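The values are calculated or read from the model by the stated rules, or taken from the named source; none is laboratory data. What you see is a predicted model; the values in this text were computed from it and never measured. Every residue, glycine as well, gets a Cβ built from its backbone with ideal geometry; the counts of neighbours run over all protein chains shown. Areas reflect the complete protein model, heavy atoms only, side chains present, ligands, DNA and RNA absent. Shrake-Rupley method; radii C 1.70, N 1.55, O 1.52, S 1.80 Å.
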Amino acid sequence: MKNKIYLERSKPTYKGNLHLHTTWSDGSLPAAEVVEAFKEKGYHFVCISDHDIYARTDEFNTDAFITIPGMERGGLNPIADKDPGYHFGVIDDPSEQPEQQRFEHLQTFPIPIPWEGDHSPQALIDEMRSHGNLVIFNHPEWHLTRFEDMVKYKRFFAIEIYNHATEWSTTSSYGTAYWDHALQNGQRVFGIAADDSHGHDKNWKIAEYGGGWVQVQSEALTHPDIVSNLKQGSFYSSTGPEIYDLRVEEGQLMIECSPCKFIMFKAFPLRGPFVGNHESGEPMTAASMSIEEEMQYIRVECIDFDGRVAWSNPVFVADLLEGDE
Ligand SMILES: [Zn+2]
Ligand SMILES: [Zn+2]
């Protein structure tokens, strides 16, 4: 079995939120103020993902903070005018040579999008991609997407596995069951935690933003570097804990994290170990497991003493066996 490094302690990491709203759609604050709110919380990047209007802003960028061009494309409902249907995160991918022109700043898109049968979500994903974008399957839990429907669709690079605004408002935030369902059906998709924040009110005691984020390992804080590392899965998602290192060495999957209550290896189809110092209650900062060749994928969840979670991306075991004797 090959050795492979997924996250490396010595590499720089950047904290970002890929889902938020401003007054360009139904948010409460203008983009400039939303950007300031995230800078104050120590973020390095955001995607201004307003509904059906593309944001391509350089004016907020500094040496320590960038905005990634994008939007949220939705209004595609199987029953006309009845939410929920499908929403997709759309992120400009500069490494692609798109068949069609890239979207421009404040370019708007018609809603509702006519539902023309089950192929409609795929047609929308493919259209966004043809303009040089990555696509995220947003908040399936909030949309109560049927599992069997979701796995019909391809070519999105990630699923939103934690959406803070829907936790804050309706406790329907966790899309990890959808993620496992997609992975078990052979899709190679990553998991993304994000805010989907609309209000950004600093005075709320229970904050509506800053609740879910991605931490990307990247050589540099630039739009091409961050997106390239997102595409490669060189990141983890979190609502609190940190993952410092994740690697395979001599058939062992090893993780290092900030002090946690439990570390759970979610392996399929053979369940991995669930590690916790239950008796002593001592915090854990590392764990490992033996990889079995029959395993399809393994992902790790680190849960802190407040119940907050850091999710690694999946380790695909076939990648470790390729070319093996
Ligand atoms: Zn949405
Ligand atoms: Zn949204």
Revision key, fill the gap. Residue-normalised 222 nm signal for the chain, counting each DSSP H run of n ≥ 4 as -39,500 (n - 2.57), nearest 500 deg cm²/dmol, is -5000 deg cm²/dmol
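First select every other residue whose beta carbon is under 15 angstrom from the beta carbon of Lys154; then total the charges, Lys and Arg +1, Asp and Glu -1.
Working: positive: Arg129, Lys152, Arg155, Arg188; negative: Asp118, Asp126, Glu127, Glu148, Asp149.
Taking every Cβ under 15 Å from that of Lys154, the sum is -1.
Just by accessible area at a 1.4 angstrom probe, what is the order of Trp168, Trp213, Trp311 from largest to smallest?
Correct descending sequence by accessible area is Trp168, Trp213, Trp311.
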Review point. How big is segment 210-295 in terms of Cα radius of gyration and Dmax, in angstroms?
Key: 15.0, 47
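Have a look at the DSSP beta bridges in the chain and tell me what percent are antiparallel, nearest 5. Don't skip to the answer; put the middle values down first.
Values: 54 of 69 bridges.
Of all bridge pairs located within the chain, approximately 80 percent are antiparallel.
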Check your understanding: Once you put a point 7 Å from the Cα of Leu270 and another 7 Å from the Cα of Gln107, both along the Cβ direction, what distance in nm separates them?
Key -> 4.9 nm
Check your understanding: With labels modelled as points extended 7 Å from the Cα through the Cβ direction, what inter-label distance (nm, one decimal) is found for Lys11 paired with Lys41?
Key -> 2.4 nm
Point to revise | Net +/- balance of residues flanking Thr170 in space, Cβ distance below 12 Å, scoring K and R +1, D and E -1 | key: -3
Revision key, fill the gap. Summed over the other residues with a beta carbon less than 12 angstrom from that of Lys261, with K and R at +1 and D and E at -1, the charge totals -3
Point to revise | Separation between Cα centres of segment 200-221 and segment 89-134, rounded to whole Å | key: 26 Å
Check your understanding: So which residue, out of Phe103, Phe235, Phe190, gets the largest mean-square fluctuation from a GNM of the chain using Cα contacts under 10 Å as springs?
Key -> Phe103
Point to revise | Subset of Lys2/Lys266; Lys154/Lys231; Lys15/Lys231; Lys4/Lys39 violating a 23 Å alpha-carbon distance limit | key: Lys4/Lys39
Check your understanding: Over all Cα pairs of the chain, how is the pair count split among 10 Å bins, expressed in % and running from 0 up to the last occupied bin?
Key -> 6, 27, 35, 23, 8, 1
Exercise for review: For segment 223-273, take the alpha-carbon Rg, divide it by the Kirkwood Rh, and send me Rg/Rh.
Suggested key: 1.02
